[in-house]
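What follows is one structure encoded as structure tokens, with my remarks underneath.
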Amino acid sequence: MSEAIAVTGRRERVSRLTRLLESEKVLAVALLLPGVVILITFIAYPFVMALWFSLTSIRVGDAGQYVGLANFTKAIDDTIFQQAFKNTVFYTFWATIFKLALGMWLALLLNRHFRFKRIVRASMLLPFIIPTVLSAFAWRWMFDPTFSVMNWALYHGGMITDRLPFLSSGDWAMWCAVVVNTWRGMPFFAITLLAGLQTISPDLHEAAALDGANAWNRFWHVTWPLLLPVTLVVVVFSVIQTFSDFQLIYVLTGGGPANSTHLIATYAYQIGVGSGLLGEGAALSLFMFPVLFAVVWVQLRYLKRMENA
Amino acid sequence: MAGILAAHRAPVFAQANTVHILRWNDFVPAADKVLREVFAPEVQKALGIKLNVETVNANDIPARATSSIQSGNGPDIIMLLNNYPHLYSSAAVDVSAIADEVGKAQGGIYDANAQLNRVGGKWVSMPWSVVPALIVYRKSWFDEVGAKTFPKTWQEYHEVGKKLKAAKRPIGQTLGNTFGDAPTFTYPFLWSYGGQEVDAKGKVVIDSKGTVDSVRFMAQFWKDAHDEGGLAWDDSNNNRAFLSGDISASLNGASIYVAALNGADKFKTEKGAPLHTDCLHAPLPAGPSGAHAYHTAFNHMVMKYSKNAKGAIEFLRWAHRKENYEKWFTVQKGFAVGPTKSWEDHAMWKQDPVMAPFRTAPQAQKRLMGYAGQPNQKAAEAWNKYIVTVMYAQACSGKMKPEESVKWAAGELGKIYTGT
């Protein structure tokens, strides 16, 4: 008897839950809740803490006091930060351009039929899979001022008489960082654009070819417009990652020579973590936020307009 | 269970007496081996302390210290370089008792090391060792260009360096953003020309004739005599370059010599002799305002958040006892010297005359970062921002003229010291 009551009770509870979840609003809340909790814990909370830190004189082991925007004004007046900001923009701009151009070229090549296509496509992802710290160390060895394998090869090949200053000249070092970032990020562009290319119906290309369009025209008038939404999403991701890059520069140059390759993230780390000035470090890193927010906002708005068109 | 109830008392469990110490990856790996393979079992036997030794790259220690202090969780003891104890003083346990004991028993702690570890009248960390920075050079190569003894002045060193570079044997020196060899070169160089960051009252005075002269001299010296790749070197590049025969001299702890000594079969001169037989050490040359030195200090801070601060202090007290410390000290072969004067008299110094200049090197250290002020938090911030090193690097790389670079440094120091 009591068992029958228990079973009935359980059924009622199950059916009540089922009824509850049949409501779209409740289901939406239930499904979103874990994500929201994760976002609050790991994104919103650290972000709010960083905001608070940036408004205080907190340093390691000392809670500090409220200082308003003093940390931000100090940063704006800091010539190393000014250099780091310019470097970050330069690094992001050129690395993204190269990754997009080379990634597109690679995607178009990989979209063709050839032998061992799958192996080549899989191996393309290697630079993306290898931990950045490891690959940056390998590149650092290749660019080493004394033992660079490239210098050795060029010198013994009779192409140079003095070592090339890969990491010992500020300009060279910045371009070296762009090259390594491009090498690392290009596969992400290539594979994502390849996925986009495969959604484009071959019929469109055939029709364009029948109408007399050459390869360039087919790319420009058929492939590119259809690939644009995917491209924009990839570019947004890339800009965010590149603008906030840390590992690559930290390992490759440490921000040197003479602070020539500091990015906002590496300089913020040096001040906040290295020197224990947590408030100032937080303020420096928050300078990334409005720039990235603007990039994302502009690009998403553009995407929305395209979807509505 | 019945036994516990019968005894009317809670069961006694063995107390976990673990001490976690964070240190750098020693440039003399045998020293880390002593900590793990000799200290750990011996301190377990002597005090029941289980010693957990963790080593990381020295450049990464501040990050670990910061995150440990902010989270209130991490190693019980953290090894801190130079004046970092001033940065983290609020997170430290007072170790004045050990410092007093060790100082009294071992001939006194060097003055410079006392300044680096004492904040507000108390010892916030315990000096562990000093790594003197001296120039290691190839005796035969200097002989070949006519330098029978090591140059006594920067001007003489410049002249010798020109000849060495012409013979494709440049001087190797880092001016990169790195913790050791760069500032230990640039700070004494600045002082030897009469330059200094601040005056005794903390007013920034770096923009002086002495500083400008020093930067101007360095820019030319760099071009004429140095491996210009040094702008991108960290603390290990000069070791590799010297051991491979690419450079003729470099400011260094004795790690190059010790590596050549330990790898006598591997590192040879061009004539096939063991490389260490062609190495000598010399102090930095003098400028118009004399000769100066900066030797890197290694200190141990017992962290306030530690749940076993008592065990950590006991471990340090045990480790500093002569009979224990000696085991670590001797494998260093002079790369790191003791924090107290009595270690100058150790028999080890009689074994190898090439290492003799390291024995009393800490006595020559009369100035610290932030001179003529205190080696305090502001001095640590300037040091961490590599302002003095970058001042020279900017001029050497051609990024700025010497005068501009000095003005830049004055501006940056001004923001740190006076907030203007």
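The values are calculated or read from the model by the stated rules, or taken from the named source; none is laboratory data. For clarity, every value in this text was computed on a predicted model and none was experimentally measured. Cβ coordinates were reconstructed from backbone atoms using ideal geometry, including for glycine residues, and neighbour counts include every protein chain displayed.
Let me confirm something: among B:GLN173, B:GLN196, B:GLN155, which residue is at pLDDT 95 or above, at negative phi and within 14 Å of chain A (Cβ to nearest Cβ)? Lay out the reasoning, then the answer.
On the way: B:GLN196 fails: within 14 Å of chain A (Cβ to nearest Cβ); B:GLN155 fails: within 14 Å of chain A (Cβ to nearest Cβ).
Matching residue, one of B:GLN173, B:GLN196, B:GLN155: B:GLN173.
Please state which one of A:VAL239, A:VAL235, A:VAL273, A:VAL251 is surrounded by fewer than 23 Cβ atoms within 10 Å (Cβ to Cβ), touching a residue at least 60 places away in the same chain (Cβ under 8 Å), within 13 Å of chain B (Cβ to nearest Cβ) and in a helix (DSSP H, G or I).
Exactly one of A:VAL239, A:VAL235, A:VAL273, A:VAL251 is surrounded by fewer than 23 Cβ atoms within 10 Å (Cβ to Cβ), touching a residue at least 60 places away in the same chain (Cβ under 8 Å), within 13 Å of chain B (Cβ to nearest Cβ) and in a helix (DSSP H, G or I), namely A:VAL251.
Hey, among B:LYS271, B:LYS310, which residue is within 19 Å of B:VAL124 (Cβ to Cβ) and of a type in the set (Lys, Arg)? Talk me through it step by step, then tell me what you get.
On the way: B:LYS271 fails: within 19 Å of B:VAL124 (Cβ to Cβ).
Only one candidate qualifies: B:LYS310.
For region B:57-168, which fully contained helices (runs of 4 or more DSSP H) count at least 1 residues that are of a type in the set (Gly, Ala, Ser)? Let's see the steps before the verdict.
Values: elements: B:61-71, B:84-87, B:96-105, B:111-117, B:139-144, B:154-166.
It comes to B:61-71, B:96-105, B:111-117, B:139-144, B:154-166.
State all residues of region B:225-248 that are within 17 Å of B:ALA259 (Cβ to Cβ), at the interface with another protein chain (Cβ under 8 Å from one of its Cβ atoms) and among the charged types (D, E, K, R); if no residue qualifies, say none.
B:ASP234, B:ARG240, B:ASP246 - these are the residues of region B:225-248 that are within 17 Å of B:ALA259 (Cβ to Cβ), at the interface with another protein chain (Cβ under 8 Å from one of its Cβ atoms) and among the charged types (D, E, K, R).
Would you say A:THR266 is buried (at least 23 other Cβ atoms within 10 Å of the Cβ), of a type in the set (Ser, Thr, Tyr) and part of a helix (DSSP H, G or I)?
Details: buried (at least 23 other Cβ atoms within 10 Å of the Cβ): yes; of a type in the set (Ser, Thr, Tyr): yes; part of a helix (DSSP H, G or I): yes.
When the stated conditions are applied, A:THR266 passes them.
What single numbered condition from (1) in contact with a Ser or Thr (Cβ under 6 Å, 6 or more places away or on another chain); (2) away from chain A (no Cβ under 11 Å) fails to hold for B:THR389?
Unmet for B:THR389, out of (1) in contact with a Ser or Thr (Cβ under 6 Å, 6 or more places away or on another chain); (2) away from chain A (no Cβ under 11 Å): (2).
Given the criteria surrounded by fewer than 23 Cβ atoms within 10 Å (Cβ to Cβ) and either more than 23 Å from B:TRP318 (Cα to Cα) or free of Cβ contacts under 8 Å to residues at least 24 places away in the same chain (or both), does B:ASN59 qualify?
Yes: the conditions hold for B:ASN59.
List the residue pairs whose Cβ atoms are under 7 Å apart, where the first residue sits in region B:328-349 and is farther than 25 Å from B:VAL53 by Cβ, the second is among the charged types (D, E, K, R) and part of a helix (DSSP H, G or I), and the two are 6 or more positions apart or on different chains.
B:GLU344/B:ARG359; B:TRP349/B:ARG359
Could you please find all residues in region B:176-193 being under 20 Å from B:PRO288 (Cβ atoms) and either outside any helix (DSSP H, G or I) or more than 14 Å from every other protein chain (Cβ to nearest Cβ) (or both)? Let's see the steps before the verdict.
Taking region B:176-193 first, the residues under 20 Å from B:PRO288 (Cβ atoms) are B:185-193.
If the condition is that a residue be under 20 Å from B:PRO288 (Cβ atoms) and either outside any helix (DSSP H, G or I) or more than 14 Å from every other protein chain (Cβ to nearest Cβ) (or both), then B:PHE185, B:TYR187, B:PRO188, B:PHE189, B:LEU190, B:TRP191, B:SER192, B:TYR193 are the ones that fit.
Report those helices (runs of 4 or more DSSP H) wholly inside region A:115-208 carrying at least 3 residues which are modelled with pLDDT of 90 or more and either surrounded by 12 or more Cβ atoms within 10 Å (Cβ to Cβ) or within 14 Å of another protein chain (Cβ to nearest Cβ) (or both). Before the answer, list the steps.
Values: elements: A:117-124, A:126-129, A:132-142, A:149-156, A:170-197.
Counting at least 3 such residues, we get A:132-142, A:170-197.
So which residues in region A:28-64 are assigned to a loop (DSSP other than H, G, I, E, B) and more than 14 Å from chain B (Cβ to nearest Cβ), if there are any at all?
Within region A:28-64, the subset assigned to a loop (DSSP other than H, G, I, E, B) is A:55, A:57-58, A:60-61, A:63-64.
Hit for region A:28-64 is A:LEU55, nothing else.
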